[in-house]
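Structure record follows, encoded as structure tokens.
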Amino acid sequence: MSPFILAILVILLGSFICSLCAASFRPRRQRKNDPQLPPGPPALPIIGNLHMLGKLPHRSLHQLAKKYGPIMSMRLGSVPAIVVSSPQAAELFLKTHDLLFASRPMLQAFPYVSYGNKGVVFSEYGPYWRSVRKLCTLQLLSASKIEYFAPMRREEVGLLVDSLKKAAAAREVVDISLGVGDLIQNMTCRMVFGEAKNSEFDLKPLARELLNLAGAFNIADYVPFLGAFDLQGLTKRMKSFSKAMDTILEKIICEHEREARWKKKQQMNDFVDVLLSLMNQPMTSIEEVLYTLDRTNIKAILIDMILASFDTSATSIEWTLSELLRHPAAMKRLQDELQTVFGLDKMVEEKDLFNLPYLDMVIKESSRLYPVGPLLLPRNCREETIIDGYHIPKNARIIVNAWAIGRDPNAWSDSAEEFLPERFADTSIDLRGHDFQLLPFGSGRRGCPGMQLGLTITRFVLAQLVHCFNWELPDGVLPNELDMSEIFGLSMPRANHLVAVPKYRLRV
């Protein structure tokens, strides 16, 4: 955009601000007995409270909630928003009144990254969404399907361990973030498409762009009249991504169709095979509405699987290893548990992960402090309602701050900011969304259907890396000096890659 056009836009925006200032700051008249919106900070004209979000919105909203309360109202541009920041408030929105808040807002990126909301992640609540979710849960993310891919996971983790053994022999510093990220991406591609790499195309850069676009802050979602100007260039990028991704998905689907024709027995080796075997069949019949799986549905579901898998487990493993490096006593206790169960003569086996209670405590504690989605994917209020005595307008955006809930001192005591896996020793709190002080996978109807797959991958990879290696920080960095800053997006990765020196500790 030329500086001249930008200047004109700034002048127009200034004119709007000047003309609306008086009206925006004038308090709304309200009848004495009418329920009011939850308390919240004063809003500026046009932009509302957008300027208060900062680079790390989860932290900014956490600070605001300390002043205005666990149910807080804001105006993000022209969009009314309700921010939820305590376990009790989260239970009201995600359980007690879950059906009212089970839909998604329509954001500009969704039609481009999910074929007009034909997948499961971004679709509005209704019969279609329920049909797609049921299909994904039963056909792609079931316990039997997770078990089917166990040999693939073992193979990929073995390759990573082998490369780390070579680095350990040479006393090299390794980039754990890069290694784990590549591992999870390879697992995802093999699970979804049947192969990690293809000689004709490289899917990984497009998957990275998908994550960036889905997690980008788009001003047009909050100030719609600016959408036509594409000030951030996001619309152009979305269109380019959509075209390139569709081309690749078409090639992948066509390849699978060709292979299926000459196979004597059709093998459902990956998600594409499974979905193609169901194409043109009814997904399910709900409320007398029949939905048939077609090619567009398949491509939207495949994109959802990439979006949900590419970053989440890798980010969780990164943060957990970071905290274990900062807390050598916790690392030692976990290694002792692994040694007791597996010994030093063999690697971790996935089928025995249930025998590792301290590993579960470590993962719970890491998920509490570093939820992969610090702000759960936003929900939309389907009807005007009253929650806890407050008026919640129709189409209000519901933002659940899982990061703030994990640090709520009323739920976790004064040690809420500390990494203490032992806090879970005598509790039944789990990660499945039933306990609202711990919501890394969300809860209710919109809880993550891939939770079990994500936990299986995270447990297995983390256990293998801790069991096979001792880890040291490089360049004399002390554990309490490790940088733990984050960046915000669809997930919450470390701001800087985690690097360390491995030392192989097994006898095999």
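The values are calculated or read from the model by the stated rules, or taken from the named source; none is laboratory data. Everything numeric in this text was worked out from a predicted model, so none of it was measured. Positions of Cβ are generated from backbone atoms using ideal geometry, with glycine treated the same way; all protein chains shown enter the neighbour counts.
Annotations for the structure displayed:
- Number of the exception - Thr247 against (1) buried (at least 17 other Cβ atoms within 10 Å of the Cβ); (2) more than 30 Å from Phe469 (Cα to Cα): (1)
- Of all residues in segment 117-131, those satisfying the criterion of being out of contact with any Phe, Trp or Tyr (no Cβ under 8 Å at 6 or more places or on another chain) and in contact (Cβ under 8 Å) with a residue 40 or more places away in the chain are Lys118, Gly119, Val121, Glu124, Tyr125, Arg130.
- For segment 88-96, the count of residues that are out of contact with any Asp or Glu (no Cβ under 7 Å at 6 or more places or on another chain), buried (at least 20 other Cβ atoms within 10 Å of the Cβ), touching a residue at least 40 places away in the same chain (Cβ under 8 Å) and not in a helix (DSSP H, G or I) is zero.
- Out of Phe419, Phe460, Phe469, Phe441, sole residue that is in contact with a Leu (Cβ under 7 Å, 6 or more places away or on another chain), of a type outside the set (Asp, Glu) and over 27 Å from Asn186 (Cα atoms): Phe419
- Criterion (touching a residue at least 24 places away in the same chain (Cβ under 8 Å), of a type in the set (A, V, I, L, M), part of a loop (DSSP other than H, G, I, E, B) and in contact with an Asp or Glu (Cβ under 8 Å, 6 or more places away or on another chain)) met by exactly one of Val372, Val348: Val372
- Taken together, the residues in segment 375-395 that are over 18 Å from the mean Cα position of the chain (by Cα), assigned to a loop (DSSP other than H, G, I, E, B) and among the hydrophobic types (A, V, I, L, M, F, W, C) amount to 1.
- If you go through segment 396-425 and keep only what is aromatic (Phe, Trp, Tyr) and either without any contact (Cβ under 8 Å) to a residue 60 or more places away in the chain or part of a loop (DSSP other than H, G, I, E, B) (or both), you end up with Trp412, Phe419.
- Residues that are closer than 21 Å to Leu140 by Cβ and without any contact (Cβ under 8 Å) to a residue 60 or more places away in the chain occur at least once in segment 205-219.
- Residues of segment 394-436 classified as of a type in the set (Asp, Glu) and closer than 21 Å to Leu377 by Cβ, total: 3
- Filter pass, Leu490 being modelled with pLDDT under 95 and either within 28 Å of the chain's Cα centre (by Cα) or surrounded by 16 or more Cβ atoms within 10 Å (Cβ to Cβ) (or both): yes
- When Gly454, Gly476, Gly433 are screened for being assigned to a loop (DSSP other than H, G, I, E, B) and within 19 Å of the chain's Cα centre (by Cα), only Gly433 passes.
- In segment 110-137, of all residues being over 21 Å from the mean Cα position of the chain (by Cα) and part of a helix (DSSP H, G or I), the one that is surrounded by the most Cβ atoms within 10 Å (Cβ to Cβ) corresponds to Ser131.
- Matching option when the condition is closer than 25 Å to Ala216 by Cα and not aromatic (Phe, Trp, Tyr), among Val341, Val348, Val372: Val372
- Count of segment 191-229 residues, restricted to those that are crowded, with 17+ Cβ neighbours inside 10 Å, of a type outside the set (Phe, Trp, Tyr) and more than 20 Å from the chain's Cα centre (by Cα), is 6.
- Candidate set: segment 220-250, residues that are among the aliphatic types (A, V, I, L, M) and not in a helix (DSSP H, G or I); chosen: the one modelled with the lowest pLDDT: Leu231
- Within segment 315-354, tally of residues that are of a type in the set (A, V, I, L, M) and farther than 19 Å from Ser177 by Cα: 9
- Criterion: out of contact with any Cys (no Cβ under 6 Å at 6 or more places or on another chain), of a type outside the set (Phe, Trp, Tyr), closer than 17 Å to Asn380 by Cβ and part of a loop (DSSP other than H, G, I, E, B) - qualifying residue of Met74, Met106: Met106
- Test: Pro70 is touching a helix residue (DSSP H, G or I) at 6+ places or on another chain (Cβ under 8 Å), buried (at least 18 other Cβ atoms within 10 Å of the Cβ) and either within 16 Å of His391 (Cβ to Cβ) or at pLDDT below 95 (or both): no
- Any pair with Cβ under 7 angstrom, 6 or more apart, that starts in segment 274-295 at a residue that is more than 17 Å from Trp129 (Cα to Cα) and surrounded by 12 or more Cβ atoms within 10 Å (Cβ to Cβ) and ends at one that is among the β-branched types (Val, Ile, Thr) and modelled with pLDDT under 90: none
- Filter result for Phe469 (in contact (Cβ under 8 Å) with a residue 24 or more places away in the chain and crowded, with 16+ Cβ neighbours inside 10 Å): yes
- Filtering Ala402, Ala463 for residues that are modelled with pLDDT of 95 or more, buried (at least 23 other Cβ atoms within 10 Å of the Cβ), over 30 Å from Gly343 (Cα atoms) and not aromatic (Phe, Trp, Tyr) leaves a single hit, Ala402.
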